[in-house]
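Throughout, read-outs are computed from the coordinates displayed, never taken from laboratory work. Just so we're clear, the structure is a prediction, and the values are computed from it rather than from any experiment. Here the Cβ positions follow ideal geometry from the backbone for every residue, glycine too, while neighbour counts run over all protein chains shown.
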Amino acid sequence: LTLLGLESSCDDTAAAVVRGRPGGAGEILSSVVSGQAELHAAFGGVVPEIAARAHAERLDLCVERALAQAGLTLAEVDAIAVTSGPGLIGGVVSGVMCAKGLAAGAGLPLIGVNHLSGHALTPRLTDGLAYPYLMLLVSGGHCQFLAVEGPERFRRLGGTIDDAPGEAFDKCAKMLALGYPGGPAVEREAALGDGARFGFPRPLLDRPDCDFSFSGLKTAVRRARDRIVAEKGGLTVQDRRDLCAGFQQAVAEVMAEKTRRAFRLFAQTHGPQTLAVAGGVAANAVLRAALTGAAAAEGFAFLAPPLALCTDNGAMIAWAGLEQLGLRGPDDMALGARPRWPLDASAAAMLGSGR
Ligand code: ATP
Ligand code: FE
């Protein structure tokens with residue numbers, strides 16, 4: 001099967017063509033991503049209205065390029081997959097409308113895909129990883145451990161009770177005037193800093209679960225910054241580096257420990273398997289090293305897909321569509337856009353939005 005995938009749920013407009021079958025790894029024939037970082041940089045975060053307009057303007061061109069790079073016409077594609085939630089609703093609506101237009105025009109089946117399932121199934125696209133496996137999704141908007149048991153079978157083992165880690169990195173960068181997106185900037189500064197100087201908290205480490213909290217850590221960074229500014233009138237380069245290093249070290253330590261707990265929880269049903277990561281925060285080398293160490297200690301393998309496939313892209317949506325199409329068939333033209341859409345069946349039922 002050959003699928004065209006569209007993604008527009010946050011600040012990347014993306015289209016890709018993927019070929020494969022659910023059993024093995026997929027072949028990415030093309031993957032076009034048009035980022036909007038420059039549009040949002042001045043605001044220190046994604047502005048939903050600006051994002052929605054940019055998606056609407058860029059989707060057609062992304063699709064055109066993806067098809068051209070794959071050397072295919074729309075008629076040669078078997079189906080169209082599109083992110084139909086969760087995310088910023090304006091962007092999701094833009095993507096769903098575009099996909100419906102293409103599907104109707106070319107007489108192709110259409111399938112709405114959960115953005116998170118796209119991230120969660122990426123190791124199957126890249127490596128043909130067999131079910132079940134453990135997924136840690138750490139991005140700008142999400143943070144959760146998932147037992148991935150099938151194309152639409154996800155069990156949430158834990159996650160953040162407030163901010164996502166990427167959001168915390170971004171806010172940390174913003175309060176230290178390091179620019180947006182903040183993750184790479186904080187990592188760069190942290191490499192030259194003393195992580196022990198401030199003794200930042202290790203949130204929720206005293207609880208035996210796999211849940212995270214990042215908002216208190218963020219506040220601790222702000223307090224430390226304000227204290228230095230009050231005492232010395234401003235921050236030196238080294239102060240910034242130490243604040244970043246302290247923050248990053250706290251995140252890495254908590255993440256490694258919570259991951260150890262997730263391993264044990266997962267292993268109770270499935271035995272030790274593979275930990276796969278996804279999301280932009282997985283780009284962080286210090287966090288990766290911490291996770292690799294934790295995996296080795298608990299007998300799990302560790303898999304990190306290439307960075308371009310860890311962040312938002314169309315290929316993961318095309319792939320998730322490919323796997324899910326075989327399971328539940330296409331959606332019809334009534335396909336809607338869902339701002340909230342938990343992956344876990346029990347969480348979905350609680351929201352009254354179970355499929
Ligand atoms: P979601 O996928 O949940 O909707 P998103 O699209 O914003 O959110 P991604 O594109 O997966 O998330 O990742 C972007 C996030 O990753 C940003 O918050 C960014 O700061 C963070 N990030 C990128 N590189 C690094 C890094 N080296 N260290 C830490 N965080 C990073
Ligand atoms: Fe994402």
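Can you tell me the FRET efficiency between Arg188 and Thr269 if r is taken as the Cβ-Cβ distance and R0 is 41 Å, rounded to the nearest 0.05? Walk me through the numbers on the way to the answer.
Values: r = 40 Å, r/R0 = 0.97.
For R0 = 41 Å, the calculated efficiency reads 0.55.
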Around Ala99, what is the net charge, scoring Lys/Arg as +1 and Asp/Glu as -1 over all other residues with Cβ under 15 Å from its Cβ? -3
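Can you give the FRET efficiency for Leu327 and Glu231, using 1/(1 + (r/R0)^6), R0 = 56 Å, r = Cβ-Cβ distance, to the nearest 0.05? Please report the intermediate quantities before stating the final value.
Working: r = 60 Å, r/R0 = 1.07.
After rounding, the FRET efficiency stands at 0.40.
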Rounded to the nearest 500, the 222 nm mean residue ellipticity computed for the chain from DSSP H runs (n ≥ 4, each -39500 (n - 2.57)) alone is -15500 deg cm²/dmol
In degrees from 0 to 90, rounded to the nearest 10, what is the angle of the helix 48-70 Cα long axis to the longest principal axis of the chain? 50 degrees
Just check the range 1-70 against the gyration tensor rule for me: Cα atoms, a ≥ b ≥ c as the square roots of the eigenvalues, rounded for a/c under 1.5, and otherwise prolate or oblate depending on whether a/b exceeds b/c. prolate
Hey, what angle do you get for helix 115-127 against the long axis of the chain, alpha-carbon based, 0 to 90 degrees rounded to 10? 80 degrees
Would any residue of the range 114-136 have its amide N under 14 Å from a label point 7 Å out along Cα→Cβ of Phe302? List them or say none. 136
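With an 8 Å cut-off on Cα pairs and a minimum separation of 6 or more residues, tell me the relative contact order of the range 32-111 in percent.
Averaging sequence separation for qualifying contacts and normalising by length gives 31 percent for the range 32-111.
Between Glu149 and Glu76, what FRET efficiency follows from the Cβ-Cβ distance if R0 is 45 Å, with the result rounded to 0.05? Mind dumping the intermediate values first?
Working: r = 33 Å, r/R0 = 0.74.
The calculated FRET efficiency here is 0.85.
Treating the beta-carbon of each Lys and Arg as +1 and of each Asp and Glu as -1, no other charges, what is the dipole magnitude of the range 23-133 about its Cα centre, to the nearest 20 debye?
On the way: 5 positive and 9 negative charges, 38 e Å.
The calculation lands at about 180 debye.
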Need one number: nm distance between label points at Ser215 and Arg156, each 7 Å from Cα along Cα→Cβ, rounded to one decimal. 1.6 nm
With a 10 Å cut-off between alpha carbons and a GNM built on the chain, which of Val93, Val229, Val277 moves the most? Val229
For Pro86, net neighbour charge (Lys/Arg +1, Asp/Glu -1) across residues whose Cβ lies under 10 Å away: +2
Cut-off 10 angstrom, C-alpha nodes, Gaussian network model of the chain. Which of Ala267, Ala66, Ala320 fluctuates the most? Ala267
Between the Cα axis of helix 89-106 and the main Cα principal axis of the chain, the angle (0 to 90°, nearest 10) is 20 degrees
15 Å beta-carbon shell around Glu57, net charge (K/R +1, D/E -1): -3
Point-charge dipole on Cβ atoms (K/R +1, D/E -1) for the range 225-303, about Cα centre, debye to 20: 80 debye
